[in-house]
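The values are calculated or read from the model by the stated rules, or taken from the named source; none is laboratory data. Everything quoted here is computed from the prediction, not taken from an experiment. Please note: Cβ atoms are built from the backbone with ideal geometry, for glycine as well, and neighbour counts cover all protein chains shown.
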Amino acid sequence: DVKVTQSSRYLVKRTGEKVFLECVQDMDHENMFWYRQDPGLGLRLIYFSYDVKMKEKGDIPEGYSVSREKKERFSLILESASTNQTSMYLCASTRRTGNSRANVLTFGAGSRLTVL
Amino acid sequence: AQSVAQPEDQVNVAEGNPLTVKCTYSVSGNPYLFWYVQYPNRGLQFLLKYITGDNLVKGSYGFEAEFNKSQTSFHLKKPSALVSDSALYFCAVRVSGNTPLVFGKGTRLSVIA
């Protein structure tokens, strides 16, 4: 069974801390994404990556950065966590080949971050 | 810019009754449309997608969706709701190749026994 694994399901951090959220996929997917999910706001795209060492800003990149050193791993970094970054973070991946418009995203289980 | 709207934050339905979760889209071009479901404390799971062809698409768990180009809608339906269908449902759209999916805000479905 193909999987997207997010290493931390629940994290509690303090304001100003540096936070790393890790995501690993075992499907050899080229594309990886980080979304943030908040009640009433749905899913908002933070960053995405189409290849190793490549990154693209999504709709809400402020306060975040990412790292994609290996194809299977896509890390989201909060350089200095703030309370308004308390949220559910979802990682997803998809293949780039074929009819890319039709490709289905596979999601991880999510990482719920609380910043105090 | 492409977008989807889910006009209902919450839908309540009795078990055994048909259910509909609404989605409308706004795109320039031909849309590829998706439905995902999220159960409590889980990531999103793919339900079904419309690419082209037959306007009625069948997916997982007995769900189906109807693409209506004139009304720019892609409503999710199921003939007979189960309590286990209670979850958060997201509609999403993609127009250009290899671009990120754009999601709606989600609709919470509650099926009452």
Tell me the residue from B:S80, B:S84 that is among the hydroxyl-bearing types (S, T, Y) and either out of contact with any Leu (no Cβ under 9 Å at 6 or more places or on another chain) or at the interface with chain A (Cβ under 9 Å from one of its Cβ atoms) (or both), please. B:S84
Can you confirm whether the range A:7-22 contains a residue that is under 24 Å from B:C91 (Cβ atoms) and buried (at least 17 other Cβ atoms within 10 Å of the Cβ)? no
For the list (1) among the β-branched types (V, I, T); (2) assigned to a loop (DSSP other than H, G, I, E, B); (3) away from chain B (no Cβ under 14 Å), I need the number of the one condition that A:I60 fails. (3)
Count - residues of the range B:35-51 that are in contact (Cβ under 8 Å) with a residue 40 or more places away in the chain and either hydroxyl-bearing (S, T, Y) or over 15 Å from B:Y61 (Cα atoms) (or both): 3
In the range B:33-77, the residues that are within 14 Å of chain A (Cβ to nearest Cβ), within 13 Å of the chain's Cα centre (by Cα) and in a loop (DSSP other than H, G, I, E, B): B:G59
Quick one: B:A92 ticks every box in (1) more than 11 Å from chain A (Cβ to nearest Cβ); (2) in contact with a Leu (Cβ under 8 Å, 6 or more places away or on another chain) except a single one, so which number is it? (1)
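Kindly indicate whether A:E72 is modelled with pLDDT of 95 or more, surrounded by fewer than 19 Cβ atoms within 10 Å (Cβ to Cβ) and in contact with a strand residue (DSSP E or B) (Cβ under 7 Å, 6 or more places away or on another chain).
Values: modelled with pLDDT of 95 or more: yes; surrounded by fewer than 19 Cβ atoms within 10 Å (Cβ to Cβ): yes; in contact with a strand residue (DSSP E or B) (Cβ under 7 Å, 6 or more places away or on another chain): yes.
Yes.
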Out of A:L41, A:L105, I need the residue that is at the interface with chain B (Cβ under 8 Å from one of its Cβ atoms) and exposed (fewer than 14 other Cβ atoms within 10 Å of the Cβ). Which one? A:L41
